[in-house]
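The values are calculated or read from the model by the stated rules, or taken from the named source; none is laboratory data. Fair warning: this is a prediction, and the values are worked out from it, not measured in the lab. Glycine gets a Cβ as well: all are built from the backbone with ideal geometry, and neighbour counts include every protein chain shown. Remember, those area values only see protein heavy atoms, side chains included, never the ligands or the DNA or RNA. Shrake-Rupley method; radii C 1.70, N 1.55, O 1.52, S 1.80 Å.
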Amino acid sequence: MPRKTYLAALGACGIAMMASGPAQAEPRGVIELFTSQGCSSCPPADKLLGELSNDPSLITISLPVDYWDYLGWKDTLGDARNSARQRAYARGRGDRQVYTPQVVVNGATHAVGSDKAEIDRALAQGAAGLPVPVSVSVAGSELVIDVAGKENSSAAEVWVYGVAGAVPVAVGRGENRGRTVTYHNVARRWLKLGDWNGKPMTWKIQLSQLSAEGVDSAAVFVQTGAAANPGKMLGAAMTRLR
């Protein structure tokens with residue numbers, strides 16, 4: 001089946017790790033994969049994300065959507081917030097391109113999630129890496145997040161995600177019926193830490209605030225815009241929780 005496209009405005013579809021302890025930022029890219037268990041074009045992208053997750057210079061995350069549930073299989077990881085985030089990215093770009101499998105690189109450029117060459121080209125656009133250093137570490141029962149200062153930088157929001165490193169799913173119906181697909185770095189919890197204004201800032205949260213099924217890592221993002229209109233990534237880091 002060709003890759004799927006969801007046009008938010010029209011409602012139509014068509015073609016379309018880290019070691020524990022401090023994780024110092026300045027990665028060269030953040031890759032967000034919008035995927036679905038109901039999309040037969042997605043498993044190659046899910047596999048590729050797993051391979052990219054082994055690259056220490058990348059922060060990768062899976063954001064399963066829910067808008068293909070009507071096709072015969074309800075995505076067990078799908079979340080309406082992920083679908084909303086994907087549509088918000090499309091609104092910000094002004095291209096209305098919302099499809100699966102789709103990756104968004106550094107909050108700015110989208111690419112087909114199974115096309116490594118296209119993803120590499122998107123990463124090359126930000127070859128200098130993310131400009132704001134971030135570190136995240138576990139101290140007892142707390143997660144400690146430090147965001148460095150950066151003069152003349154855009155204001156941003158700081159978010160932490162509770163992430164499940166590997167989630168195998170046996171799909172019982174729909175286009176992927178009979179397949180077992182492993183999803184990598186799946187976002188399971190979301191928490192806004194606060195706003196960043198270019199000055200050094202530190203947050204501490206209880207690990208229990210990220211607790212959810214399978215969560216074994218935390219990813220931190222410093223991103224311009226807001227949840228309803230996400231912009232470019234300025235910094236990111238990731239660490240294992242156990």
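Numbers for the structure displayed
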item: For Leu48: the one exception among (1) modelled with pLDDT under 95; (2) surrounded by fewer than 23 Cβ atoms within 10 Å (Cβ to Cβ); result: (1)
item: Residue ranges of strands (runs of 3 or more DSSP E) in segment 142-242 with at least 1 members open to solvent by 40 Å² or more (accessible area, probe 1.4 Å) and of a type in the set (Asp, Glu); result: 142-147, 180-196
item: Test: Leu77 is under 14 Å from Phe34 (Cα atoms) and either open to solvent by 40 Å² or more (accessible area, probe 1.4 Å) or assigned to a loop (DSSP other than H, G, I, E, B) (or both); result: yes
item: Scope segment 80-121; condition part of a helix (DSSP H, G or I), open to solvent by less than 20 Å² (accessible area, probe 1.4 Å) and of a type in the set (Gly, Ala, Ser); matching residues; result: Ser83, Ala88, Ala90
item: Condition check for Ala127: under 23 Å from Arg28 (Cβ atoms) and open to solvent by 10 Å² or more (accessible area, probe 1.4 Å); result: yes
